[in-house]
Amino acid sequence: MIKGFLFDLDGVIVDTAVYHYQAWRRMANELGFDISEEFNETLKGISRMDSIARILEHGKVSLPEERILELAKLKNEWYLEEVEKMTSANVLPGIQELISQLKAGGYKISLGSASKNAPKILERIGLAPEFDAIVDGNSVKKSKPDPEVFIKGAEALNLKNEECLVIEDAFAGIEAAHAAGMKAIGIGTKENLPNADLILASFEEVKLEDLLKEL
């Protein structure tokens, strides 16, 4: 029986993918190469340092650790410039309504995101008070598809893993949910998320009761 919902952030609650892409591309350009939107898709759901490692490998660039840390800091500053402009208008369609349904139904809610900026984003869009727990990049050591973020989310809600349902938009995130023994709803397409237990284009006009029946 599902008692708690674990939400990914980027691509589920808000769409900050374009901000990440702009910042990552700016970083790559400074290093003398470019990255495509398709390549950026492979960075979804993984940590900042793992993303940098993939980008440097893609560009066949080797850098000392000190420079890598400097770039990580710069990328985050560029990204946060855009985050500061976010408002409740950035919440994706149907999410506010879904959260209201969950609250009314007595379900517990946690965030399970690799983003270290998750608390700031939730504050900016006005949803921070709705979450019973926040597990983000500041409180986990391993990136998805490792299940650590969702295992900690269940623990934070004082629930068993199998009592939690994950909502994700990334292949690695769905894998992480399954590794934790949880079912996962994918926001996207069958092509992108063939491993999801249920796939939705969005939560617009979705009723919680109908959703749970489909799982």
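The values are calculated or read from the model by the stated rules, or taken from the named source; none is laboratory data. Since the model is a prediction, treat every value here as computed from it, not as a measurement. Cβ sites come from the backbone with ideal geometry, for glycine too, and all protein chains shown count toward neighbours. For accessibility, only protein heavy atoms count, side chains too; no ligands or nucleic acids. Shrake-Rupley method; radii C 1.70, N 1.55, O 1.52, S 1.80 Å.
Computed values, structure above
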read-out	value
Helices (runs of 4 or more DSSP H) within the range 93-212 that include 1 or more residues in contact with a Lys or Arg (Cβ under 8 Å, 6 or more places away or on another chain)	95-104, 148-156, 171-179
Residues (open to solvent by less than 60 Å² (accessible area, probe 1.4 Å) and farther than 28 Å from residue 6 by Cβ) located in the range 53-111	56, 59, 61, 63, 68, 71, 74, 78
Complete set of residues in the range 156-215 that are among the acidic types (Asp, Glu), in contact (Cβ under 8 Å) with a residue 60 or more places away in the chain and surrounded by fewer than 21 Cβ atoms within 10 Å (Cβ to Cβ)	163, 204, 205
Cross-chain or 6+ apart pairs with Cβ under 8 Å, the range 16-37 first and without any contact (Cβ under 8 Å) to a residue 12 or more places away in the chain, then among the charged types (D, E, K, R)	34/25
Residue in the range 9-20 that is modelled with pLDDT of 90 or more, open to solvent by less than 30 Å² (accessible area, probe 1.4 Å), in a helix (DSSP H, G or I) and over 30 Å from residue 215 (Cα atoms) present	no
Residues being part of a loop (DSSP other than H, G, I, E, B), out of contact with any Gly (no Cβ under 6 Å at 6 or more places or on another chain), farther than 20 Å from residue 116 by Cβ and not aliphatic (A, V, I, L, M) - total across the range 21-56	3
Pick from the range 24-50, criterion small (Gly, Ala, Ser) and on the phi < 0 side of the Ramachandran plot, ranking: most open to solvent (accessible area, probe 1.4 Å)	36
Residue in the range 137-150 that is open to solvent by less than 60 Å² (accessible area, probe 1.4 Å), out of contact with any Pro (no Cβ under 6 Å at 6 or more places or on another chain), of a type in the set (D, E, K, R) and over 19 Å from residue 198 (Cβ atoms) present	yes
